[in-house]
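For reference, the structure discussed in these notes is given below.
The values are calculated or read from the model by the stated rules, or taken from the named source; none is laboratory data. If you're wondering where the values come from, they're calculated on a predicted model, not measured in any experiment. Cβ atoms come from the backbone with ideal geometry, glycine included; neighbour counts cover every protein chain shown.
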Amino acid sequence: MSGGCHCGNIRVQLELTGPPASYRPRACDCDFCRKHAAAWISDPAGRVKITIGHAPHAVTYRQGTRQAELMLCGNCGVVVAALYRSEGRRYAAVNAKVLDEAAGFGSEQSVSPQTLSAAEKLTRWRDIWFADVSIVAGGT
């Protein structure tokens with residue numbers, strides 16, 4: 001399963017362990033995610049590869065508790081992924097709206113991470129986000 005930002009600068013390739021219909025993208029209710037209409041998909045046993053064409057246009061933004069980085073394309077403005085680093089490992093969730101096959105997912109579910117403590121968020125991310133994450137940057 002693949003997709004990317006509008007201009008194609010940031011591309012994602014997902015390997016899911018189940019059929020797309022068994023995943024329900026999580027629509028976070030924080031201001032950032034609502035304003036970007038983001039809905040997150042992840043699979044702790046799957047893997048994701050993020051390929052960046054022109055590295056200076058791949059920007060990250062930290063908001064809220066500043067624990068996770070949101071990866072956006074600085075050229076077209078699309079939010080592609082959320083990233084978290086812990087103990088030498090990178091975790092990620094991908095915005096389902098950037099995937100070419102997004103229509104195959106189950107219905108979106110509303111989630112409210114704002115109700116979780118900082119420690120609860122970190123535990124949740126380690127439990128449900130992709131744990132096999134690679135980022136390949138090309139270009140200048």
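Residues in the range 1-21 that are surrounded by fewer than 18 Cβ atoms within 10 Å (Cβ to Cβ) and in contact with a Lys or Arg (Cβ under 8 Å, 6 or more places away or on another chain): S2, Q13, E15. All of A119, A131 fail the test of being among the hydrophobic types (A, V, I, L, M, F, W, C), surrounded by fewer than 18 Cβ atoms within 10 Å (Cβ to Cβ) and out of contact with any helix residue (DSSP H, G or I) (no Cβ under 6 Å at 6 or more places or on another chain), apart from A119.
Between R24, R34, R90, the distinction of being surrounded by fewer than 19 Cβ atoms within 10 Å (Cβ to Cβ) and in a strand (DSSP E or B) belongs to R90 only.
Regarding Y84, is this residue out of contact with any Pro (no Cβ under 8 Å at 6 or more places or on another chain), surrounded by 21 or more Cβ atoms within 10 Å (Cβ to Cβ) and either of a type outside the set (D, E) or assigned to a strand (DSSP E or B) (or both)? It is false that Y84 is out of contact with any Pro (no Cβ under 8 Å at 6 or more places or on another chain), surrounded by 21 or more Cβ atoms within 10 Å (Cβ to Cβ) and either of a type outside the set (D, E) or assigned to a strand (DSSP E or B) (or both). Taking the criterion of being in a loop (DSSP other than H, G, I, E, B), of a type in the set (S, T, N, Q) and without any contact (Cβ under 8 Å) to a residue 40 or more places away in the chain, the only residue of the range 116-140 that qualifies is S117.
Considering only residues in the range 42-62 that are in contact with an Asp or Glu (Cβ under 8 Å, 6 or more places away or on another chain) and surrounded by fewer than 21 Cβ atoms within 10 Å (Cβ to Cβ), the one that is modelled with the lowest pLDDT turns out to be R62. Among the residues of the range 98-115, those identified as part of a loop (DSSP other than H, G, I, E, B) and modelled with pLDDT of 75 or more are D100, F105, G106, S107, E108.
Residue count for the range 73-127 satisfying the condition of being more than 16 Å from the chain's Cα centre (by Cα) and β-branched (V, I, T): 2.
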